[in-house]
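For reference, the structure is listed below as structure tokens.
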Amino acid sequence: MDPLDLKENYIACIMCILTDWTPEQCFGYLEMCDKRKSTNITECDVLNMVHLKQKGHTYKEIGDLYGLSPGATRNRIMRFRQKRLCS
């Protein structure tokens, strides 16, 4: 067994103890977090995010399209705008 798998099992077990979640819910949450970390967002994607924001979409709506949290979506858009201003 991979040490990372074992670590994930322990984390899920602790989550079950500390919350009222089932083991399946805990593993689902961990899997969702892992997918969010591994997203490869390109500059073209961020440009599209900027356009969507300009059209009135919320950070949550945009983030849902790319598997990001609203805060992460906002940060990417803000960094992109800052980068454009500096160039």
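Scanning segment 63-80 for residues that are modelled with pLDDT under 90 and in a helix (DSSP H, G or I) yields a count of 4. Checking each residue in segment 28-47 for being in a helix (DSSP H, G or I) and either at pLDDT below 85 or within 16 Å of the chain's Cα centre (by Cα) (or both) picks out G28, Y29, L30, E31, M32, C33, D34, K35, R36, K37, D45, V46.
Could you tell me whether A72 is hydrophobic (A, V, I, L, M, F, W, C), surrounded by 13 or more Cβ atoms within 10 Å (Cβ to Cβ) and within 14 Å of the chain's Cα centre (by Cα)? Considered against the rule, which asks whether it is hydrophobic (A, V, I, L, M, F, W, C), surrounded by 13 or more Cβ atoms within 10 Å (Cβ to Cβ) and within 14 Å of the chain's Cα centre (by Cα), A72 comes out as yes. With respect to the conditions (1) part of a loop (DSSP other than H, G, I, E, B); (2) at pLDDT 85 or above; (3) of a type in the set (V, I, T), I11 falls short on a single one, namely (1). Within segment 13-31, residues that are closer than 23 Å to G67 by Cα reach partners that are among the polar types (S, T, N, Q) with beta carbons closer than 9 Å, at six or more positions or on different chains, in the pairs M15/Q25; Q25/T19; C26/T19; F27/N9.
The values are calculated or read from the model by the stated rules, or taken from the named source; none is laboratory data. In this text, all values refer to a predicted model and were calculated from it rather than measured experimentally. Every residue, glycine among them, receives a Cβ derived from its backbone with ideal geometry; neighbour counts consider all protein chains shown.
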